[in-house]
Amino acid sequence: MNFRSSRRKFLKQATWAAAGAWLAGSSRFAHAAPKVRLIAASDKLNIGVIGTANRAAANIKGVEGENIVAICDVDENLLDAAAQRFPNAKKFTDFRKLIDQKGIDAIVVSTPDHTHAFATALALRAGRHVYCEKPLTHTVSEARMIARLADDLKLATQMGNQIHASNNYRRVVELVQSNVIGPIREVHVWVGTVWEPMARPIEIVPVPAYLNYDVWLGPAQYRPYHPEYLPKNWRRWWSFGGGTMADFGCHYMDLPHWALNLRYPITVEAEGPAAHPECAPPWMIAHFDYPSRDAQPPVRLTWYQGGKRPPHFEQGQLPKWGNGVLFVGQHGMLLADYNKHVLLPEKTFADFKAPEPFIPDSIGHHAEWILACKTGTATTCNFDYTAALTETVLLGNVAHRASQKIEWDADKLKAVNCPAADEFIQHDYRSGWRL
């Protein structure tokens, strides 16, 4: 079966709206299994990296022990700097051309949010294992598409949720799953970062000679170049990112999702300033209601951003930490951040002895993925787990933008009570950038 020609033929017969309905339904498109090079654990992967600076630089450091055979960046200055470190790697300013190269086993995607799904889907279909930065996708529909694609093709996948590999998170999960604070019906998650909205720039600024702006824009609807969008501030804009929620939600909501076996919420509602047409909100509070899971009760997770925090701080129940996660159980509370955790009230747990660890330490977030590429072992942030996490995180922004509590039907990929939410759930790619 010629997968690429079959896929093109399929997409000619359907609009993306129809594709969204198809993704939500029970029928599935039959993806041809790609040919994947078998690699001994002692051999090195041939890796292509998309993005070379900032977050991408950290990801390159995580995989640089393998063979970096191709590098891509839309900024030729950054690309040339990376080439100094990897002089034998082929250089590209268009990630589509990198993905088309032969001899690449795996690809690392470290681009702005709006190109995550596009680059990831192309790489998976080309038979490459994929590591993609968080959030896995820019829209809810893309998250479901990538999850289905990864499931069909059985390649090694990992989302860049590096803190998931920490020992601290493992110890918190063990405390929750050992029922130390009793049944948990309430979780609070807060991040202080603020992105202030602004009007879309109207002045015309020439595209720098070193920048492939068309590829940076990728599948997003066209708008003239402006330095307000890149390289630093793209997270502010709905067209490219999702503000604080998209930036940090997958890191902090990961902990309760993991500890409590959460997947999809059944309702999501948000409060905050009026939805801005161009930019993510400076502050927001969002409520995610999850159903019971086996013997575990329903859970309400409340997210706070932009300086908003749970009332427990004002009530003097919590130490003055920064960003964090609070589990509220029947017999106490458990507070955690990236590096530490504490059971509360501390007097109640003064003589507490933690259970013996039962979650093995990670060999390293990138190392997990590299080993999986070679041997087929599992990764802890594979695309099945992280697509559902990403979908949930992005639904917080959907509820804010729709200005209505949404009732989420995960099977149908639809806010069944709010047709206006569809606009923010489905992806809409510009001409020339169809998957």
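The values are calculated or read from the model by the stated rules, or taken from the named source; none is laboratory data. The shown structure was predicted, so the numbers you read here are calculated from the model rather than taken from an experiment. We place every Cβ from the backbone using ideal geometry, glycine too, and count neighbours over all the protein chains shown. The protein model used for the area step is the full one, side chains on, heavy atoms only, and it has no ligands, DNA or RNA in it. Shrake-Rupley method; radii C 1.70, N 1.55, O 1.52, S 1.80 Å.
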List pairs: first residue in segment 313-329 and closer than 10 Å to HIS188 by Cβ, second residue modelled with pLDDT of 95 or more and open to solvent by 50 Å² or more (accessible area, probe 1.4 Å) anywhere in the structure, Cβ distance under 6 angstrom, at least six positions apart or on different chains. VAL328/GLU186
Filter segment 341-372 for residues that are open to solvent by less than 100 Å² (accessible area, probe 1.4 Å) and more than 30 Å from ALA41 (Cα to Cα) and give the result. HIS341, VAL342, LEU343, LEU344, PRO345, THR348, PHE349, ALA350, PHE352, ALA354, PRO355
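So, in segment 368-423, of the ones that are in a strand (DSSP E or B) and out of contact with any helix residue (DSSP H, G or I) (no Cβ under 7 Å at 6 or more places or on another chain), which residue ends up farthest from LEU149 (Cα to Cα)? Give the derivation first.
Keep residues of segment 368-423 that are in a strand (DSSP E or B), which gives 406-409, 414-415.
Then drop every residue that is not out of contact with any helix residue (DSSP H, G or I) (no Cβ under 7 Å at 6 or more places or on another chain), which leaves 407, 409.
Values: GLU407: 26, ASP409: 20 Å.
Looking at the filtered set, the residue picked out is GLU407.
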From the residues in segment 120-144 that are open to solvent by 10 Å² or more (accessible area, probe 1.4 Å) and of a type in the set (A, V, I, L, M, F, W, C), which one is farthest from the chain's Cα centre (by Cα)? ALA126
Go through (1) surrounded by fewer than 20 Cβ atoms within 10 Å (Cβ to Cβ); (2) closer than 22 Å to ARG235 by Cα; (3) not hydrophobic (A, V, I, L, M, F, W, C) one by one and return the number of the condition THR52 breaks. (1)
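Kindly establish whether THR377 is surrounded by fewer than 17 Cβ atoms within 10 Å (Cβ to Cβ) and closer than 29 Å to TYR131 by Cβ.
Values: surrounded by fewer than 17 Cβ atoms within 10 Å (Cβ to Cβ): yes; closer than 29 Å to TYR131 by Cβ: yes.
Answer is yes for this residue.
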Looking at segment 356-367, which of its residues are more than 14 Å from THR157 (Cβ to Cβ) and in a helix (DSSP H, G or I)? ALA367
Out of (1) in contact with a strand residue (DSSP E or B) (Cβ under 8 Å, 6 or more places away or on another chain); (2) assigned to a loop (DSSP other than H, G, I, E, B); (3) surrounded by fewer than 22 Cβ atoms within 10 Å (Cβ to Cβ); (4) not aliphatic (A, V, I, L, M), the one TYR229 does not meet is (3)
Out of the residues in segment 212-226 meeting the condition of being closer than 30 Å to GLU271 by Cβ and surrounded by fewer than 19 Cβ atoms within 10 Å (Cβ to Cβ), tell me which one is nearest to the chain's Cα centre (by Cα). GLN221
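Every residue, every condition in (1) open to solvent by 40 Å² or more (accessible area, probe 1.4 Å); (2) aromatic (Phe, Trp, Tyr); (3) touching a helix residue (DSSP H, G or I) at 6+ places or on another chain (Cβ under 8 Å), yes or no:
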residue	(1), (2), (3)
ASP151	yes, no, yes
GLN158	no, no, yes
ARG185	yes, no, no
ARG200	yes, no, no
Pick out the one residue from PHE358, PHE349 that is over 25 Å from GLU271 (Cβ atoms), touching a strand residue (DSSP E or B) at 6+ places or on another chain (Cβ under 9 Å) and not basic (Lys, Arg). PHE349
Enumerate the strands (runs of 3 or more DSSP E) found wholly within segment 240-355, keeping only those where 2 or more residues are β-branched (Val, Ile, Thr) and in contact with a Cys (Cβ under 7 Å, 6 or more places away or on another chain). none
When the residues of segment 323-340 are narrowed to those that are among the polar types (S, T, N, Q) and under 21 Å from the mean Cα position of the chain (by Cα), which ends up surrounded by the fewest Cβ atoms within 10 Å (Cβ to Cβ)? ASN339
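For segment 199-239, how many residues meet the condition of being charged (D, E, K, R) and closer than 24 Å to LEU435 by Cα?
The number of residues fulfilling the criteria is 3.
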Would you say GLY103 is on the phi > 0 side of the Ramachandran plot, touching a residue at least 24 places away in the same chain (Cβ under 8 Å) and open to solvent by less than 20 Å² (accessible area, probe 1.4 Å)? no
